[in-house]
């Protein structure tokens, strides 16, 4: 999201809050979000891909709705209209190729209208076939669940992404020699995937409320949270969507304040720190232990201000639109232990993994006939959850190590907390408690900071060399 | 009563009027600040506030970069900020220091060379001591654009740092009048350059369109936002300079100097008949020597690449037809003798295979050879008490 995006989104949200009345709110959010995802999509060297990727996001969202909706069609007319509106918006974005002064919302010229119409018809037929061939929803939901994970794997694995790029280049009759894993920059797919996986799982467990096509698509591609979260739950999101909302001064002040804080964090602090933050190039240029720590701390704060700044902006714009998106960061670097850190860093992602991986896995391990000892169950659950969370960022050894680093850290803290609780020591003096807290903050902060070395450096060998320099070796 | 006043007022819900007042006041304050900024022009003052030589070590050469994020440096036009970042500003002159300032183009600055591979670095590595027991300490004030006026601007500013000698490396390409206002550093310091033009009666048009004269609006915070952001970024890059010692992105691949040429002997608008003291900016060189006053200026004709390719009987290299460069050398020799300048001509000191990507950029080993010669000359001059001006050519 650039400053221009931000300015336009904020102004649109303000205008919409003032001008759009109750009934038009849903349509405004639907059309606004659809246009926004095309506008934000970065350019791709593969012909027309920067049009097809947001279109695929829309298609996946619509298919997701079709798969998760209940059999009753109380709002079939409204859903039909929503489907037509979505199709018309996609066509309209494509038609900008013929309107020179307006061309184009997408970074490059969209494909021909006939191709777009064929793609829309294809999606419609696909949805009909799905409904026809999968009367038993369970199989369909599981199929979609694993399809999304498969797409995710392709996008996050360099070799597979490169192969996919080569295949796409062949389809567009472009040279495959230049194929790169970076060609398929599918904006927002990670967050779209999390939202869809959540709805698919909740439908399987019967916890998903019935929502209209319009509501579902807005939830999946809600533009303030499209690129960097937070990952809201559908159950909570639709409460805000369905409630009556009139933009008043409190929301305006609160939203504007949050946006300004976010802009300052992202575009002033994070972008300035980016100039001096540790990266692949300067990690190999720096040999001084002191300066290496300085660069590492710069990165540590940069990633926080960058990410939490985006979240502030998303929450601020959300407030202007009448949504109270969930918090994602609550002073994570001031936490006294790693468990508290992960309860305050990228909270919605951590909650997602807890709900859909950690808890089911722990339940499974505990319910086995050959029960494992509790510490082993905790160790397995913590490490596998964190490794998976690492792999979400990319399928590389460094992300695996980063995940394992935090998994072990969480396990060790869990055991320490258990041990400390079992000793049941007498209350400590405030001075000792303060010292204990500050030590905890210091240790946790530096543990997390050292973990970032694995996170942002591309190879284990470079990360290891960097850690050696940090240790003065 | 006092206690009552300290009691916090209950929070009032924000209303439209409150928001309007905030916006109006913020806008008025912003306009006022911009107007004050434009009137006061505090950029030179701000340039003096520097983390270099305080938090970070001073830079060993003036900031210049075409790839800021990779070089951890950027090109500024603010002379105060440029000098404030230089180690020269942080090193108080010691009693036993013989301070040498090197001025010149990219060759002196050290294009494609690390800070340890520049002329200055090699002179300092030699640990020279003058006959009077002073330690020779050289400072690199080269800047990668070719213009004698740019050199004069730097020399003028550098005089406050108490040099014992100024070594000014020149080449013919820095003399044509067309080149004098060519560099952005000169164009963006119009007042200083006009002042030099007036003071030394230079043959440069003070009303040239090349000068960037900022309007009132361009002097506001909005108008100067790039300059302000650059100042801030430059301070941040100090951290990277301290951490890595890198101040230039050095590409591993580059094109070597051109060897073969068209049969073209033109050089700007000059001809063998018209190339004279008054047709090129010898007056700027003379102004620099005058500006240095009591401080001796050693003028050096820097080495050039001498091609042996097609039409090399007509041209020495991409820059110079033979007739022009030969005439220039003769002219400089005559000027030095006539005016009593300390002059040394090292034009053919370096073999052709020791040039990197242009006719004046040298490899580290070639730079070391030139540094050795300059070091010897400085010592000779110091030993003679700066009496001899009869330093001939190589």
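I need the full set of residues from region A:203-222 which are over 13 Å from residue A:65 (Cβ atoms) and touching a residue at least 60 places away in the same chain (Cβ under 8 Å), in order please. A:204, A:222, listed by residue number. Among residues of region A:175-192 that are at positive phi, those with a Cβ under 8 angstrom from a residue that is not in a loop (DSSP other than H, G, I, E, B), sequence gap 6+ or separate chain, pair up as A:188/A:37; A:188/A:40; A:188/A:57; A:188/A:221. Considering only region B:245-262, I want to know if a residue exists there that is more than 14 Å from chain A (Cβ to nearest Cβ), under 18 Å from residue B:175 (Cβ atoms) and surrounded by fewer than 19 Cβ atoms within 10 Å (Cβ to Cβ). Checking region B:245-262: not a single residue is more than 14 Å from chain A (Cβ to nearest Cβ), under 18 Å from residue B:175 (Cβ atoms) and surrounded by fewer than 19 Cβ atoms within 10 Å (Cβ to Cβ). Flag set for residue B:65, criterion: assigned to a loop (DSSP other than H, G, I, E, B), within 32 Å of the chain's Cα centre (by Cα), modelled with pLDDT of 90 or more and within 14 Å of chain A (Cβ to nearest Cβ). Scan region B:207-215 and tell me whether some residue there is within 14 Å of another protein chain (Cβ to nearest Cβ) and either free of Cβ contacts under 8 Å to residues at least 40 places away in the same chain or under 19 Å from the mean Cα position of the chain (by Cα) (or both). The answer is no; no qualifying residue exists. Only helices (runs of 4 or more DSSP H) whose full extent lies in region A:232-346 are considered here, and the ones with at least 3 residues that are within 14 Å of another protein chain (Cβ to nearest Cβ) are A:249-263, A:271-274, A:280-285, A:289-320. Residue B:220 meets all of the listed conditions (1) under 19 Å from residue B:82 (Cβ atoms); (2) at pLDDT 95 or above; (3) away from every other protein chain (no Cβ under 14 Å) but one, namely (1). Filtered by the rule that a residue be touching a residue at least 60 places away in the same chain (Cβ under 8 Å) and more than 9 Å from every other protein chain (Cβ to nearest Cβ), region B:223-237 gives B:223, B:224, B:227, B:228, B:230, B:231, B:234, B:235.
State yes or no: is residue B:149 touching a helix residue (DSSP H, G or I) at 6+ places or on another chain (Cβ under 9 Å) and either crowded, with 24+ Cβ neighbours inside 10 Å or closer than 29 Å to residue B:196 by Cβ (or both)? Write out each step before concluding.
Details: touching a helix residue (DSSP H, G or I) at 6+ places or on another chain (Cβ under 9 Å): yes; either crowded, with 24+ Cβ neighbours inside 10 Å or closer than 29 Å to residue B:196 by Cβ (or both): yes.
Criteria met by residue B:149.
Quick check: is even one residue across region B:138-146 within 14 Å of chain A (Cβ to nearest Cβ) and either part of a helix (DSSP H, G or I) or out of contact with any strand residue (DSSP E or B) (no Cβ under 8 Å at 6 or more places or on another chain) (or both)? Step through it out loud before you land on a result.
Going through region B:138-146, the residues within 14 Å of chain A (Cβ to nearest Cβ) turn out to be none.
Within region B:138-146, not a single residue is within 14 Å of chain A (Cβ to nearest Cβ) and either part of a helix (DSSP H, G or I) or out of contact with any strand residue (DSSP E or B) (no Cβ under 8 Å at 6 or more places or on another chain) (or both).
Being under 23 Å from residue A:33 (Cα atoms) and under 26 Å from the mean Cα position of the chain (by Cα) narrows it down to one of A:86, A:91, so name that one.
Working: A:91 fails: under 26 Å from the mean Cα position of the chain (by Cα).
A:86 is the lone residue from the list that is under 23 Å from residue A:33 (Cα atoms) and under 26 Å from the mean Cα position of the chain (by Cα).
The values are calculated or read from the model by the stated rules, or taken from the named source; none is laboratory data. Predicted model only: the values in this text are computed from it and were never measured. When we count neighbours, we look across all protein chains shown, and the Cβ atoms used for this are built from the backbone with ideal geometry, even at glycine.
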